Amino acid sequence: MKLELFILLFTILYRIELVSAECNIPIVLRNSWFSFENGQQTTTDINAYEMTGRGLCVNIKAESQSNYTMVFKYTKCYYCVKLVVRTVNVLEKIESPCVDLEPHEEPTVERVCKNLNPDQYFITLFAENFVPVNCRSSLEGVWQFTYQNRFRFTGECSHPEAQIKSCQTAGTQFLITNQKFNITYRKCPGMSGTFEGVVEYSCLGHWFVNKNQFFAVANTKESRKDERYRCFLRNRDDDLFIGASITPECSSLKTVEKSPERYKITPVKAEVVEPGCRLPQNFSGDWINTANIDADVFINETHIIETYYPDEGRYRRTIYVCREQRDSRVMMARLTVDGCQKDYVCFDFVPQHHNVIRYRKGLAMTQNNFHTVCSWVQFQNKRNWRYDIFLKKDPTPIRCPVAGKFNFTQKGDVKFETRILGGVTLSPRPNLYCKINISDFSVCDVDQKTVQIKENYCLSVDHLGRPVDIYSDPDYKMKCIGYWKENLKSYLITYDELDPFSKYRCWVYQRADLNRVLMSQALGAYCDLKQDVTSWNYTEGAAVAVEMEEYERERDQCPMHFDDGSDPWSTKESFIKIFSFSYSFWRRNAAATLLAANVIFILSLSTILKCLT
């Protein structure tokens, strides 16, 4: 009898060892898991060899390090269970009903799982012995929010003190403080389903499904398992809305709009910094930052507010506060995009000229010390570098540094083409016989502030020497708004409201001869360091290069002008100065004072120069 029992025990142990050798459940899956299945709270224990309610593991297939398909034997049938590891604290599973096999059939994954429906709802399993993770990847920032819960109340609850706060404390010795975030609810008048309180969540990790970002949390103050675990959903295309589940299930979140609970969040700054200095007065206004996706920039005497748009419907806002200024350097406190903490950045500004502010920015630091933050070593000391630029949002045209009438040839990826501005003309234009057709680059208006480009221009004249092509309009009209010289290169910024890609265009220009000028147009508002006057393709950041030769005719009245931008602050345009003063005769008498008001002296610099020459 004892021998028979020994043989039986040995056979059972031998079979278990065989099963263990074939199916060893990965460590990441071993835990006690809580889930909500078919409306019931369920606890599932998974160890190295078996799973609660599904029996012993007999086969396993790992499609990746986070995707496992397993076959379990329970009594006389087999279960197929597919487990997807979302985080160290969250699993999702789908499974098939119990499958019976013939005695001679081997329980392989392919045979047992052939009827597994991959489109069924995933069941979310939360680790009961969870390990909190850092919240930064899931949620980082401070927001004021309005929310709605379609199962508790109708309408939207909006309160100015309702806030979500998820901030990291850099260098803290208590790591748990970076693994939690708070949601502060406020009761809305007339809405009985709202409440007032603070809910603290521990972060359990996040994962992506296409553009949807899911992250799981656990309520630190809740003892009921079905109320402890929740899922949140954000979408990359519009991350100013958050969806939340009201049960411990992530499968209930399909889209943010259809979530049981939805939050509309607005970023706010957690700190208020008092300004300690003033920016130059001519900086004030609306600008764009060409170094940050053409971000909108608003500047007043003490603040720089920069808002950029990663894509449609999303924005990121950074606020800089002037703290201390010495020479051309300004130390500014930066309230970051997320609004949690502040740091300090140094700006080195070049005095404003035309519609341009040139600057460079140092490294961000946590110290509030000018000598440290604005040390010259904090600026990136590369072999080749140039200033970034702010451009006026509504620029005022200036006199172009290159003026005259030029015949040009072009080479590039995006050449100038013939087009009709404003669409079809009101009346047909007369047919002209042209002996010569050229590409025309002209700056011939009275103030020489507008560049007009005609890709196919008729050069013919009549018997009196007058141009016959007087009806055609230019293909491109661009206003000059700024120019300067840097790194031995001359730069020009033009503005074209009809440009579909970028209203602002950067040019590199150079005078090659007495009547020849070379120019290269950039793809956008920023000129690459590698771009020069001969650049013509995208590898150097250029769209097209033009080689121009002056051809002014007798009746064009378009004198040539060139300025290399060495001194962009000097005034080189004609201007009008109005003097208003009064004088009186017989000062000691009581006679009325004779006023000579608004005596106007018109000083035309260009006229004086012509007379001198």
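Please treat every number below as a calculation from the coordinates, not as lab data. The model shown is predicted, which means the values in this text are computed figures rather than measured ones. So basically every Cβ, Gly included, is an ideal-geometry build from the backbone, and we count neighbours across all protein chains shown.
Observations on the model:
- Quotient of Cα Rg and 2.2 N^0.38 Å for the chain, N being how many residues it contains: 1.45
- FRET efficiency, residue 369 to residue 266 (Cβ-Cβ, R0 30 Å, nearest 0.05): 0.35
- When you restrict to C-alpha pairs under 8 Å that are six or more residues apart and normalise by the size of the stretch 141-267, the relative contact order lands at 21 percent.
- Relative contact order for the chain, counting Cα pairs under 8 Å that sit 6 or more residues apart, in percent: 7 percent
- What you get for the chain, charging only the Cβ of Lys and Arg (+1) and of Asp and Glu (-1), is a dipole of about 1420 debye around the Cα centre.
- Given charges at Cβ of Lys, Arg, Asp, Glu: the chain dipole, positive-most of 198, 451, 374: 374
- Here the simple spin-label model places points 7 Å from the Cα toward Cβ, and for residue 446 and residue 396 these points are separated by 1.8 nm.
- Here is the list for the stretch 66-140: chymotrypsin sites (Phe, Trp or Tyr not before Pro) lying in DSSP coil, each with at most 14 other C-beta atoms within 10 angstrom of its C-beta, are 121.
- Hull shadow area, averaged, the stretch 269-343 [alpha-carbon convex hull, nm²]: 5.4 nm²
- The largest-to-smallest principal axis extents of the Cα set in the stretch 27-127 are 39, 30, 28 Å.
- Sites listed here are chymotrypsin sites (Phe, Trp or Tyr not before Pro) in the stretch 482-553 whose DSSP assignment is loop and whose Cβ has at most 12 other Cβ atoms within 10 Å: 501.
- Applying 0.36 nm per residue to the separation of residue 534 and residue 572 and subtracting their alpha-carbon distance, the gain on full extension is 10.9 nm.
- Partner lysines whose Cα lies under 20 Å from the Cα of residue 435, excluding those fewer than 8 positions away in the same chain, are identified as 405, 454.
- Shape category assigned to the stretch 141-267 from the gyration tensor of Cα positions, a/c cut at 1.5: rounded
- Label separation (residue 38 vs residue 105): 2.3 nm, computed from points 7 Å beyond Cα along the C-beta direction.
- For the pair residue 557 and residue 67, the difference between a 0.36 nm per residue extended length and the Cα-Cα distance amounts to 168.7 nm.
- Placing unit charges on the Cβ atoms of the charged side chains and taking the dipole of the chain about its Cα centre, the candidate lying farthest along the positive direction among 207, 251, 557 is 557.
- Selection from 125, 32, 474, by position along the positive dipole direction of the chain (Cβ): 474
- DSSP-loop GluC sites (Glu not before Pro) across the stretch 478-568, with at most 16 other Cβ within 10 angstrom: 497, 552, 554
- Placing +1 on the Cβ of every Lys and Arg and -1 on the Cβ of every Asp and Glu, with no other charges, gives the stretch 52-130 a dipole of roughly 140 debye about its Cα centre.
- Each part gets one Cα centre, and for the stretch 397-473 versus the stretch 172-246 those centres are 62 Å apart.
- Cα-centred dipole magnitude for the stretch 482-552, charges only on beta-carbon of K, R (+1) and D, E (-1), debye, nearest 20: 260 debye
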